[in-house]
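Only one structure is covered here, and it is reproduced in the block below.
The values are calculated or read from the model by the stated rules, or taken from the named source; none is laboratory data. Given the structure is predicted, the values throughout are model-derived calculations rather than measurements. Don't worry about glycine lacking a Cβ; one is built from the backbone with ideal geometry, like all the others, and counts go over all protein chains shown. Remember, those area values only see protein heavy atoms, side chains included, never the ligands or the DNA or RNA. Shrake-Rupley method; radii C 1.70, N 1.55, O 1.52, S 1.80 Å.
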Amino acid sequence: MQKTDFGNLGTCLSNCNRRFRRYLVNATILAIGAAIAAFMLINLLAMRELSNHAAPPKHALTVILGVSIIDTTAGGRLHQNQMVEIEKGYIRYIGETDSKPVPANATVISGRGKYLIPGLWDAHIHTLRLSPQLHFPLLIANGVTSVRDMGDACSWSSSLDCVSDHQNWTKQIDAGVIVGPRIIQTITYHLEELPDQASELEQLISALKNRGEPFLKLQLDDQTPNAQFERMMQVAKEKGLSVAGHLPFAANLAGSSYAFASLEHDLYLLVQCSDARMTFNGKNNAKLALLAAYNKEQCAFLLADFVKKGTAYVPTHTASTGQDLRYAVGLAETDLALANQYVIAPQRWVWWLLRKAGKASFAEQKTLADMHAAALQLTLLAKQAGVKVLAGSDALDGDVVHGFGLHDELQNLVAAGLSPAEALNAATLEPARHLGLEEKLGSIAVGKMADLVLLDANPLDDIRNTRRINTVFSDGRVYDQAAIDSALGYVANQSQSLTVTSRFLRGIWYSPPNKAIASPQQ
Ligand SMILES: [Zn+2]
């Protein structure tokens, strides 16, 4: 019996093996064939022309009547029943309604029962080559009229060839060929690894300085030793290039001779304010230890140093500790619906994986909630210490949708303890100040650019009312409800487009030759 069994098994094994090998070979051939076909199809589809969404024409003269203006520079004082005259994108007159006749050729917009705030800024977004199709219209539709682009991913693999994209976008936005905000500052290179040789580092920093990068964006390994970090900061200082971004956990900024232009993401301030920062590794237990070892004096010293050196703080709560917490407890239905509506499939798949990876046990959820609460407290502390706190969403990061993400961040700032007027300041006047543009932007005054948002409800009563957008004024263009809906509809459509999806996929493996370092003047 046993013998027969073994015999059968032996026959089966050799037969099965042969059969299995045949299946394997066939399946491999099929898979390779399918991959080649998919690759060719994606490349073919990606060659098709992209569609653009044209902006409405620029208005020569617009008058808003009967509106309540929110003065974010004066703690949110309300000026009721105002008329605002906008000529060629600039505010020419502000006064009581009927304080002067309305010019005959003006387009009149009723502001009765509505609230006017300065155009919003998002001080931390990321872009792709497909941003005119996927992101910019969402920003405008959400009242975001100025952005600071923290760069990197014009294509996924090449960060150094994006300069021309940004220049083109600015021209196209100005010409109305595409809908988009003012791209105020753009960084197109992330330093993620320190070169071995000091000479290479000097060459890199000189090249970035020569091509007019506003600062060097740091995204180094969090465990980079302080000595290496200091050497890098010294070279940047010598070459006259400022530095911003993530901070290695061991970095000692306070009291040093060098300055950070801005610290991004709340996690890095939490770490800097703790005695446990040298041993922090991001694990759950380490998070508890990090919070337990909070050092109040060290934190106050660091924040005072920020004030002295003009370092801005961009907590991006939504994408940093806020995201960890949202992933741990599960995303709200509304957030999922937003991603489904406006985000292309491959990116949604990546976000889905991130969500899966971010699911946490109940104990971990508690820790992440504590981390988020502590991060919010530090933002209030920073604000009270006089640090420039800027609202940034980190859009493009997991489940942060352009435009919509900024309103989430405003809610986070109010949850931190900022007043609604202070939160609005963080998304209007403060970024304008930080970037030296307060004479032109960031508040509502005669002579300033008329980047404005008309709201259907008062954001000082409830910061969520910044979402109740009636009309957006940007660079002389007026986006009424129909124009806003059309911009949103365009992105919803583009996010389903095979051409756009193919270009996105192609961006993962294809990028133009990297020439920026070799010829920095380009
Ligand atoms: Zn970012």
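Details
- If you go through the stretch 191-205 and keep only what is at pLDDT 85 or above and part of a helix (DSSP H, G or I), you end up with 199, 200, 201, 202, 203, 204, 205.
- Verdict on residue 102 being away from the ligand (no atom under 16 Å from the Cβ), more than 22 Å from residue 261 (Cβ to Cβ) and in contact with a strand residue (DSSP E or B) (Cβ under 6 Å, 6 or more places away or on another chain): yes
- Test result for residue 287, more than 26 Å from the chain's Cα centre (by Cα) and of a type in the set (Lys, Arg): no
- Across the stretch 402-414, not a single residue is classified as under 22 Å from residue 86 (Cα atoms), buried (at least 20 other Cβ atoms within 10 Å of the Cβ) and touching a helix residue (DSSP H, G or I) at 6+ places or on another chain (Cβ under 6 Å).
- Any hit, the stretch 229-244, residues being open to solvent by less than 30 Å² (accessible area, probe 1.4 Å), under 22 Å from residue 146 (Cα atoms) and within 23 Å of the chain's Cα centre (by Cα): yes
- The residues in the stretch 167-183 that are crowded, with 19+ Cβ neighbours inside 10 Å and not basic (Lys, Arg) can be counted, and the count is 7.
- Reported count of residues in the stretch 260-276, each being charged (D, E, K, R), within 15 Å of the ligand (Cβ to nearest atom) and open to solvent by 20 Å² or more (accessible area, probe 1.4 Å), is 0.
The rows are residues; the columns are (1) surrounded by 15 or more Cβ atoms within 10 Å (Cβ to Cβ); (2) within 15 Å of residue 271 (Cβ to Cβ).
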| site | (1), (2) |
| --- | --- |
| 295 | yes, yes |
| 300 | no, no |
| 313 | yes, yes |
| 322 | yes, no |
| 325 | yes, no |
| 354 | no, no |
| 362 | no, no |
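- Being over 20 Å from residue 244 (Cβ atoms), more than 16 Å from the ligand (Cβ to nearest atom) and surrounded by 14 or more Cβ atoms within 10 Å (Cβ to Cβ) is a property that residue 339 has.
- The lone exception for residue 331 - which of (1) outside any helix (DSSP H, G or I); (2) open to solvent by 10 Å² or more (accessible area, probe 1.4 Å); (3) over 17 Å from residue 352 (Cβ atoms) it fails: (3)
- When the stretch 122-146 is filtered for residues that are within 16 Å of the ligand (Cβ to nearest atom) and closer than 10 Å to residue 451 by Cα, only 144 remains.
- Elements of type strands (runs of 3 or more DSSP E) in the stretch 420-522, at least 2 residues being touching a Lys or Arg at 6+ places or on another chain (Cβ under 6 Å) and modelled with pLDDT of 95 or more: 452-455
- Some residue of the stretch 350-358 being more than 16 Å from the ligand (Cβ to nearest atom), modelled with pLDDT of 95 or more and more than 22 Å from residue 134 (Cβ to Cβ): no
- Residue in the stretch 434-452 that is within 16 Å of the ligand (Cβ to nearest atom) and in contact (Cβ under 8 Å) with a residue 60 or more places away in the chain present: no
- Residue that is nearest to residue 132 (Cα to Cα) [pool: residues in the stretch 51-69 that are in contact with a strand residue (DSSP E or B) (Cβ under 6 Å, 6 or more places away or on another chain) and aliphatic (A, V, I, L, M)]: 55
- Applying the condition of being without any contact (Cβ under 8 Å) to a residue 60 or more places away in the chain and under 20 Å from residue 449 (Cα atoms) to the stretch 38-65 and asking which residue is surrounded by the most Cβ atoms within 10 Å (Cβ to Cβ) yields 63.
- Conditions (1) open to solvent by less than 10 Å² (accessible area, probe 1.4 Å); (2) more than 23 Å from residue 462 (Cα to Cα): number failed by residue 392: (2)
- Checklist (1) in contact (Cβ under 8 Å) with a residue 60 or more places away in the chain; (2) touching a Phe, Trp or Tyr at 6+ places or on another chain (Cβ under 9 Å) applied to residue 289, failing item: (1)
- Note on the stretch 369-419: residues that are in a loop (DSSP other than H, G, I, E, B), closer than 14 Å to residue 312 by Cβ and more than 20 Å from the chain's Cα centre (by Cα) amount to 2.
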